[in-house]
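Notes follow the structure.
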Amino acid sequence: MTESSRRGGAPRGGGRVRMTGKERREQLIDIGRTLFAERGFDATSVEEIAAKAGVSKPVVYEHFGGKEGLYAVVVDREMRILLDGVTSALTGGHPRELLEQAAFGLLDYIEHSTDGFQILVRDSPVAQSTGTFASLISDIASQVEHILGLEFASRGYDQKLAPMYAQMLVGMVALTGQWWLDVRTPAKSEVAAHLVNLAWNGLSGLEQNPRLVTRRKHDRA
């Protein structure tokens, strides 16, 4: 039985355009992404996903093997988007600028891909090869680890500690991002400035009114 017959597609000459297999897959991913963000994994059903797509349940199983398979695809895609965004933001420069770039990379993702971030910060309900938010943090930390290693070497510090400090820095930014997702205040640029203020100066050297040294277009004051 074909997908179109299972989903009760419009007859030839009808008003509804039939989707290709690739188009249907992308539609189901988009619908799953929205529902998982709104409801979470447990509260989302295959029946609801199928209904939103205007198809029958077997179509969802055909493409993903079930709800778990769809969820894994959604999580894997969001993890790649976030990781690519953060790593591409690290364009170099002074170590403090790199910290700002990393902070903005995550905050930009939260601002523009809110549904995706809400999915990532939930505890994964199924065992999957795509990993969890914690493993994503480790992936991002590994991207800044070598930067810290170079800075440690220039200051005569133990470079073996760089991985631990990378986890600390990225974890701090990620948890702040979760908080900012809910409150959305202060402005993104101000959040980034205070994050870097703490990371760069430490509590004993906090600036009273921190300012970013990097100037980016389209940022709010």
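Residues of the range 94-107 that are under 22 Å from residue 37 (Cα atoms) and without any contact (Cβ under 8 Å) to a residue 60 or more places away in the chain: 105 alone. Going through (1) over 30 Å from residue 166 (Cβ atoms); (2) surrounded by 17 or more Cβ atoms within 10 Å (Cβ to Cβ); (3) modelled with pLDDT under 95 one by one, residue 49 falls short only on (3). Of the candidates 85, 92, the single residue that is under 14 Å from the mean Cα position of the chain (by Cα) and closer than 18 Å to residue 142 by Cβ is 85. The helices (runs of 4 or more DSSP H) located wholly in the range 24-100 that include 3 or more residues which are basic (Lys, Arg) occupy 67-89.
Listed here are the residues, each with its yes/no results for (1) open to solvent by 40 Å² or more (accessible area, probe 1.4 Å); (2) modelled with pLDDT of 85 or more; (3) under 17 Å from the mean Cα position of the chain (by Cα); (4) more than 22 Å from residue 111 (Cα to Cα).
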residue	(1), (2), (3), (4)
177	no, yes, yes, no
185	yes, yes, no, no
189	no, yes, no, no
193	no, yes, no, no
196	no, yes, no, no
211	yes, no, no, no
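So that you can scan it fast, the table gives a plain yes or no per residue for (1) open to solvent by less than 20 Å² (accessible area, probe 1.4 Å); (2) out of contact with any His (no Cβ under 9 Å at 6 or more places or on another chain); (3) at pLDDT below 85; (4) within 30 Å of residue 216 (Cα to Cα):
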{"position": "53", "(1), (2), (3), (4)": "yes, yes, no, no"}
{"position": "60", "(1), (2), (3), (4)": "yes, yes, no, no"}
{"position": "69", "(1), (2), (3), (4)": "no, no, no, no"}
{"position": "76", "(1), (2), (3), (4)": "no, yes, no, yes"}
{"position": "91", "(1), (2), (3), (4)": "no, yes, yes, yes"}
{"position": "97", "(1), (2), (3), (4)": "no, yes, no, yes"}
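A single member of 171, 156 is within 25 Å of residue 136 (Cα to Cα) and either out of contact with any Phe, Trp or Tyr (no Cβ under 9 Å at 6 or more places or on another chain) or open to solvent by 20 Å² or more (accessible area, probe 1.4 Å) (or both), and it is 171.
The values are calculated or read from the model by the stated rules, or taken from the named source; none is laboratory data. Predicted model only: the values in this text are computed from it and were never measured. Cβ sites come from the backbone with ideal geometry, for glycine too, and all protein chains shown count toward neighbours. Surface accessibility is based on the protein's heavy atoms, side chains included, excluding ligands, DNA and RNA. Shrake-Rupley method; radii C 1.70, N 1.55, O 1.52, S 1.80 Å.
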